[in-house]
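Asker: Sharing a structure, written as structure tokens. Questions coming.
Derivation of every value follows stated rules applied to the coordinates shown; laboratory data play no part. This one's a predicted model, so the numbers in the text were calculated from it and none came from an experiment. Please note: Cβ atoms are built from the backbone with ideal geometry, for glycine as well, and neighbour counts cover all protein chains shown.
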Amino acid sequence: MIYSKRTLMKKKHQWLIVGILSISISLLNILRVIIGYFQTPYGYSYLAVGHYYQDYFEYTQQIAQGTFGHWLIQNQFTTHDPTRTLIGWGQYIFIGKFALLFHLSPFAAYWVSIFLLSILLCLLLFLVIRRMMQDKPFFLQISAFLFCPFYPACSKQRAMDNCSV
């Protein structure tokens with residue numbers, strides 16, 4: 001297909017809008033951690049726990065293993081499971097290697113990876129929506145895109161409103 005300059009500029013602007021929205025959504029995703037960091041009093045360490053703490057420390061200890069040069073994960077929270085594996089949790093080893101490369105703590109590496117992977121997820125989400133709605137105008141595509149990341153919060157609230165105690 002041959003596109004005119006105007007069409008190419010229009011597509012460029014559309015992707016710029018999607019990029020800005022993706023970054024904004026990703027920032028909203030980690031906003032509670034950013035606010036917590038700035039609310040931490042001087043002299044205290046901020047652990048950046050953004051969700052259930054036991055899962056969080058499981059993930060960050062695996063990232064720490066990656067920063068210490070390990071290529072296989074061993075569960076540090078148990079004494080009866082000596083197995084080492086890459087299957088299932090290997091992504092945290094790679095995040096640890098990323099942290100080692102950029103001299104990040106395991107906590108910072110976890111949230112930077114959440115931020116970057118959220119941007120990637122949003123861009124891929126829009127790409128799928130764009131393919132599914134090729135014949136639809138851009139405002140419908142962007143509406144569908146914005147509906148997707150914010151719908152789980154709406155459905156969770158609706159489920160809580162309908163819950164009888």
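Asker: Within 10 Å, count the other beta carbons around each residue, average over each peptide in 24-34, 106-116, 69-79, and list them highest first.
Answerer: Top to bottom by mean Cβ count within 10 Å: 106-116, 24-34, 69-79.
Asker: Hey, which lysines would be in cross-link range of Lys136, C-alpha to C-alpha under 28 Å, not counting anything within fewer than 8 residues on its own chain?
Answerer: Lys5, Lys10, Lys11, Lys12
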